[in-house]
Amino acid sequence: MTHFVYKLIPPRPGFGPGDMSDDEVAIMSRHGAYWSELMSDGTAVIFGPVVDPAGNWGLGVVRADSEAEVRAISAADPAITSGLARVEILPMPVGIGRDDTAG
């Protein structure tokens, strides 16, 4: 198993709280619930918004056997299926981390 970066690219640079329509808020709520499930089942390591001066984006780091598995994750992501955002998937050849559940 390896790690992949899932970079969620929103429709505009300032996208975030205060810059979303009601429909976008609903989509992002479903997106957050979807990623919470991925966290619960151990697929996602971390996810959340990144405030970047060049334009906000979302970060997810996932454990998967292949890029195809990560593409399948994106194929079910409400932010992608709705057409609201697009995704870039990047492999992490080496992922060094910490297991927060360990004592």
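The values are calculated or read from the model by the stated rules, or taken from the named source; none is laboratory data. Quick caveat: nothing in here was measured; it's all calculated off a predicted structure. With ideal geometry, Cβ positions are generated from the backbone for all residues, glycine too; neighbour counts draw on all protein chains shown. When the accessible area is computed, the model is the full protein with side chains, heavy atoms only, and any ligands, DNA or RNA have been set aside. Shrake-Rupley method; radii C 1.70, N 1.55, O 1.52, S 1.80 Å.
The residues of region 1-13 that are open to solvent by 50 Å² or more (accessible area, probe 1.4 Å) and either over 15 Å from Ala79 (Cα atoms) or assigned to a loop (DSSP other than H, G, I, E, B) (or both), listed by number, are Met1, Pro11, Arg12, Pro13. Close Cβ contacts (under 7 Å, 6 or more residues apart or on different chains) running from residues in region 4-27 that are closer than 14 Å to Gly48 by Cβ to residues that are surrounded by 10 or more Cβ atoms within 10 Å (Cβ to Cβ) and of a type in the set (Asp, Glu) comprise Lys7/Glu88. As a summary of the residue check, Ala54 satisfies the conditions (1) assigned to a helix (DSSP H, G or I); (2) of a type outside the set (Val, Ile, Thr); (3) farther than 19 Å from Pro93 by Cα except for the one numbered (1). Filtered by the rule that a residue be acidic (Asp, Glu) and either in contact with a Phe, Trp or Tyr (Cβ under 6 Å, 6 or more places away or on another chain) or within 12 Å of Met28 (Cβ to Cβ) (or both), region 69-84 gives a lone residue, Asp77.
Confirm whether Gly103 is assigned to a loop (DSSP other than H, G, I, E, B), open to solvent by less than 60 Å² (accessible area, probe 1.4 Å) and at pLDDT below 95. First the steps, then the outcome.
Details: assigned to a loop (DSSP other than H, G, I, E, B): yes; open to solvent by less than 60 Å² (accessible area, probe 1.4 Å): no; at pLDDT below 95: yes.
In short, no.
Within region 31-83, if we keep just the residues that are of a type in the set (Gly, Ala, Ser) and surrounded by 18 or more Cβ atoms within 10 Å (Cβ to Cβ), the residue that is farthest from Pro10 (Cα to Cα) turns out to be Ala64. When each of Ile89, Ile46, Ile96 is tested for being farther than 25 Å from Asp22 by Cα and touching a residue at least 24 places away in the same chain (Cβ under 8 Å), the lone residue that passes is Ile89.
Answer with yes or no whether Met28 is open to solvent by 60 Å² or more (accessible area, probe 1.4 Å), outside any strand (DSSP E or B) and of a type outside the set (Asp, Glu). Considered against the rule, which asks whether it is open to solvent by 60 Å² or more (accessible area, probe 1.4 Å), outside any strand (DSSP E or B) and of a type outside the set (Asp, Glu), Met28 comes out as no.
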